[in-house]
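Data block below; observations after.
What follows draws every value from the coordinates through simple rules; no lab data is involved. Just so it is clear, the structure is predicted and the values come from calculations on it, not from any experiment. Every residue, glycine among them, receives a Cβ derived from its backbone with ideal geometry; neighbour counts consider all protein chains shown.
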There are 2 protein chains.
Amino acid sequence: MTPKALLFDVFGTVVDWRSGITRDLAIHFQTHPSNTDPESVADAWRAEYQPSMEPVRSGRRGYVDLDTLHAENLVKLSKEYEFDLGDENKTVWLTKAWHRLPCWPDSVAGIERLKRQFICASQSNGHIALAVNLAKYNNYSWDVILGAEVVRTYKPDPDAYKRAAACLGLEPSSCMMVAAHNYDLKAAQDVGFKTAFVRRPSEHGPNQAIDLEATGDWDVCVESLTDLATKLSCR
Amino acid sequence: MTPKALLFDVFGTVVDWRSGITRDLAIHFQTHPSNTDPESVADAWRAEYQPSMEPVRSGRRGYVDLDTLHAENLVKLSKEYEFDLGDENKTVWLTKAWHRLPCWPDSVAGIERLKRQFICASQSNGHIALAVNLAKYNNYSWDVILGAEVVRTYKPDPDAYKRAAACLGLEPSSCMMVAAHNYDLKAAQDVGFKTAFVRRPSEHGPNQAIDLEATGDWDVCVESLTDLATKLSCR
């Protein structure tokens, strides 16, 4: 059975966070130098992402949005990599680098084609404003943004997927998770979603060690979102 | 100052609920006759809309979605206008008429042009699934759907507008409410939104008595969404 809705992971799947973060860190380091290169700080910033959501997923901490987590993690990194954050404007600008991430070259065309046939939803751990700003920055638009505020938890908590399907008035089996990350697809499959793995072998840069290949029994495996549109028979 | 986001009322402003509901009631009455015409039942169904949300707005009743309210109100109407609802499938189909409303002729082109320059959000009292289905049915898409689940109350509760702006990470003064209803614009203006009145003189049919003209000091008054795009200098 074909799904009715495709739910997309965003960071890494639709947008290339590493290039975007590296670019804006490099700009910041021009005036506030660090003891290392922007790529390493970008990787370290992303590496803080999962651990910082864990207290929210486990319920030890109330819901806070990704801007808050990214800002807290940035303060930590500024100490570790010995760079000055500058005044409040500079810090906010740098934290908002996560709202200015370029998409992969196939994302705009892929989403446009897939929207002709399916409900295409953003299902990122980002909050609504972040998902909207990323879309406007890159000039694509979702049919619906199921931000973290909507599902009130973070993936891969099973409730994140179940509540997303419920919001669309659909059974999990009518939903397909589209992601470049095997752990995300596994969690979605466990609640009954269909799954599409998008290979993004340079998400983590030249030395990427994870998610180079599908590690689960996913319904579709593709090299890009335009490839997904073709595999799902979209014009 | 130009707004950053336009928040659209949907029923009456973007879609022509009366034609859509009349059409589907007429289909239902072919097999389950009523003692009156479909237009009258459509008007009566819509008239139940505001009163049925009131217990939710006032907090006497927990949040329920519009499908639930529309279904309850339909049962009431079936008694008043003496028509049989048919089996469960028929009843669900008829309730879902609210997901199949045709848009006004200018809506698709207007939203498309306005999206080039602004964040265009659906801010209806409808739930997310309803707003998505209406958009897919008519082949337009929002940048973001701020459904009733997101703001957790119904307009014109001031919190509905305040929470919508907060979800976008914007001040109310950066948001413009777009609606065919003066009461909606008044409530939005009271929390600091800019306002655009779209005249829809046939929303309630040939004998429409309200919202024929702007009754407040709105920032923009237009005859259609394409007219709004032109007034706001969108290509």
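When each copy gets a label point 7 Å from Cα toward the beta-carbon at B:Thr2, what are the spacings between them in nm, shortest first?
3.9
Where does each of B:Phe29, A:Phe83 land when they are ranked from fewest to most other beta-carbon atoms within 10 angstrom?
With the fewest neighbours first, B:Phe29, A:Phe83 line up as B:Phe29, A:Phe83.
Quick one: compute a quarter of the convex hull surface over the Cα atoms of the stretch A:56-156 and quote it in nm².
Taking the Cα atoms of the stretch A:56-156, their convex hull projects to 8.0 nm² on average.
So how many Å³ per residue does the convex hull of the Cα atoms of the stretch A:18-99 work out to?
Spelled out: Cα convex hull of the stretch A:18-99, divided by residues, is 87 Å³.
Counting other C-beta atoms within 10 Å, which of A:Asp219, B:Asp16 has the fewest, and how do the rest follow?
A:Asp219, B:Asp16
Note down the net charge around B:Ser122, summing +1 for each Lys or Arg and -1 for each Asp or Glu among other residues with Cβ under 10 Å from its Cβ.
Once all neighbours under 10 Å are counted, the net charge is -2.
Explain nothing, just the number: relative contact order of the stretch A:139-187, from Cα pairs under 8 Å at least 6 residues apart, as a whole percent. Don't skip to the end; give the middle numbers.
Values: 27 pairs, mean separation 13.4, N = 49.
Reported as a whole number, the value is 27 percent.
With r as the distance between the Cβ atoms of A:Asp217 and A:Thr31 and R0 = 51 Å, compute the FRET efficiency 1/(1 + (r/R0)^6) and round to 0.05.
With a Förster radius of 51 Å, E is 0.55.
Hey, what did chain B get for relative contact order, percent, Cα under 8 Å, at least 6 apart?
So the answer I get is 24 percent.
Output, in nm with one decimal and in ascending order, the distances from the A:Asp37 label point to the matching label points of the other copies (7 Å from Cα along Cα-to-Cβ).
Those separations, rounded to one decimal, come out as 7.6 nm.
More than 41 angstrom separation, counting every C-alpha pair in the protein assembly as shown; what % is that? It would help to have the intermediate numbers written out before the result.
Working: 23734 of 110215 pairs.
Here the tail beyond 41 Å accounts for 22 percent of pairs.
Using only the alpha-carbon atoms of chain B, report the extent along each of the three principal axes, biggest first, to the nearest angstrom.
54, 37, 31
Would you mind listing how long the stretch A:109-235 runs along its three principal axes, going by Cα atoms, in whole Å with the largest first?
35, 31, 28
In percent, what relative contact order does the stretch B:169-235 have, based on Cα pairs under 8 Å that are 6 or more apart in sequence? Working shown, then result.
Details: 93 pairs, mean separation 18.5, N = 67.
Across the stretch B:169-235, relative contact order equals 28 percent.
In whole Hz, what ³J(HN,Hα) sequence does the stretch A:218-228 give by Karplus (6.51, -1.76, 1.60; θ = phi - 60°), x for Gly and Pro?
In residue order, the calculated couplings are 7, 5, 9, 10, 9, 9, 6, 6, 5, 4, 4 Hz.
With springs only between Cα atoms under 10 Å apart, run a GNM on chain B and tell me which of B:Trp104, B:Trp93, B:Trp17 wobbles the most.
Result: B:Trp93 has the largest fluctuation of those listed.
Sorted from fewest to most neighbouring beta carbons within 10 Å, what does the list A:Ile21, B:Ile128 look like?
A:Ile21, B:Ile128
Placing a label point 7 Å from Cα toward Cβ, how far apart in nm is A:Ser58 from its equivalents in the other copies, listed shortest first to one decimal?
Spacings between copies for this position, smallest first, are 4.6 nm.
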